[in-house]
1. Pairwise over distinct Cα atoms, reciprocal of the mean inverse distance: report the Kirkwood radius of the chain in Å, one decimal place.
2. When the Debye formula is applied to the Cα atoms of the range 107-161, each taken as the same point scatterer, what base-10 log of I(q)/I(0) results at q = 0.24 Å⁻¹?
3. In square nanometres and to one decimal, what's the mean projected area of the convex hull around the Cα atoms of the range 200-251?
4. Relative to the first principal axis of the alpha-carbon coordinates of the chain, what is the inclination of helix 76-91, with its axis defined by its Cα atoms, in degrees from 0 to 90 and to the nearest 10?
5. Within 10 Å of each residue's Cβ, count the other Cβ atoms and sort I133, I39 from fewest upward.
6. If you count the DSSP beta bridges with both ends in the range 6-196, what percent of them are antiparallel, to the nearest 5?
7. How big is the Kirkwood radius of the range 106-229, worked out from every pair of different alpha carbons and given in Å to one decimal?
8. Rank the residues S98, S4, S88 as a footprinting-exposure proxy: fewest other Cβ atoms within 10 Å of their Cβ go first.
Amino acid sequence: MAGSLTQLTRQGDVLLLEFNNPGMLNALDVGMAAEIVEILESVNADDTPVIVMTGTGRAYCAGGDIKLMARGDAGVDYMRRMNRLVKSMACCDSVIVSAVNGFAYGGGFDLVLASDMAFASSDAKLAMVHGDIGLVPDMGSHFFLPRVVGMNTAKMLLWTGEPIDADEAMRLGIVNKVIAPEHLVPETLEFAERLAHRPREVLRLSKRLLNGLPTMTLDDVLEAESEAQVKLFGADDHRARLKALLDNRKSN
């Protein structure tokens with residue numbers, strides 16, 4: 001399932017997905033994007049509850065494929081492949097947690113935003129650098145970023161391209177936690193393992209609800225929540241957990 005530009009390690013119920021092109025600072029080329037999409041589509045079949053994504057070397061992902069752009073080969077097909085990656089992350093039933101090590105520039109920042117959660121090393125830097133080479137931020141950044149930081153702050157980050165450090169990213173809500181570099185992956189995996197023990201169907205349905213919110217009215221949300229809840233009311237997992245709670249109360 002992994003390829004030459006990614007490597008996979010399964011730790012309990014968690015899948016660790018590492019971008020593995022450190023010599024290029026894990027630049028997001030079409031090959032890496034295709035490998036990630038293949039992995040995300042395959043884990044839906046094996047019911048993996050949580051995926052942790054990080055980069056090997058000193059960068060999470062330093063942006064898009066500059067060499068391809070310099071050759072003039074970037075175009076409609078390239079953007080379709082990048083967009084498919086973002087959609088695969090949104091549609092993946094697994095919770096995706098990014099462990100942001102080092103640089104997350106351009107497309108790397110986009111991947112952080114497309115993740116469900118993100119932890120960052122204390123030395124991480126994030127920047128929307130697309131404009132530095134005359135390009136507009138892409139991969140859904142105009143969709144995700146205002147939802148997280150608000151419209152005015154999104155404009156500042158998207159238009160200036162100025163980097164922010166991990167503490168500022170946490171203050172803005174872009175990352176959930178800042179961790180010392182040497183503890184980033186172990187602590188993220190530990191969190192992911194705890195999350196993986198939450199009811200899987202609850203995580204899956206809640207992610208779908210949250211991702212659908214921007215196009216949903218209150219009535220839509222209430223109806224979708226009701227449909228999910230009725231489904232869970234009849235699930236064995238709900239009955240078992242409810243019985244355990246009631247039995248514990250009786251014993252006390």
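What follows draws every value from the coordinates through simple rules; no lab data is involved. Since the model is a prediction, treat every value here as computed from it, not as a measurement. Here Cβ is always computed from backbone atoms with ideal geometry, including for glycine, and neighbour counts include all displayed protein chains.
1. Details: mean 1/r = 0.0523 Å⁻¹.
Mean inverse Cα-Cα distance, inverted, gives 19.1 Å.
2. Normalising to I(0) and taking log10 leaves -1.01.
3. Numbers: hull surface 16.5 nm².
One quarter of the hull surface, i.e. the mean projection, equals 4.1 nm².
4. Approximately 20 degrees, to the nearest 10.
5. Working: I133 13, I39 21.
Ascending Cβ contact count within 10 Å gives the list I133, I39.
6. 30
7. Values: mean 1/r = 0.0619 Å⁻¹.
With all distinct Cα pairs of the range 106-229 included, I get 16.1 Å.
8. S4, S88, S98
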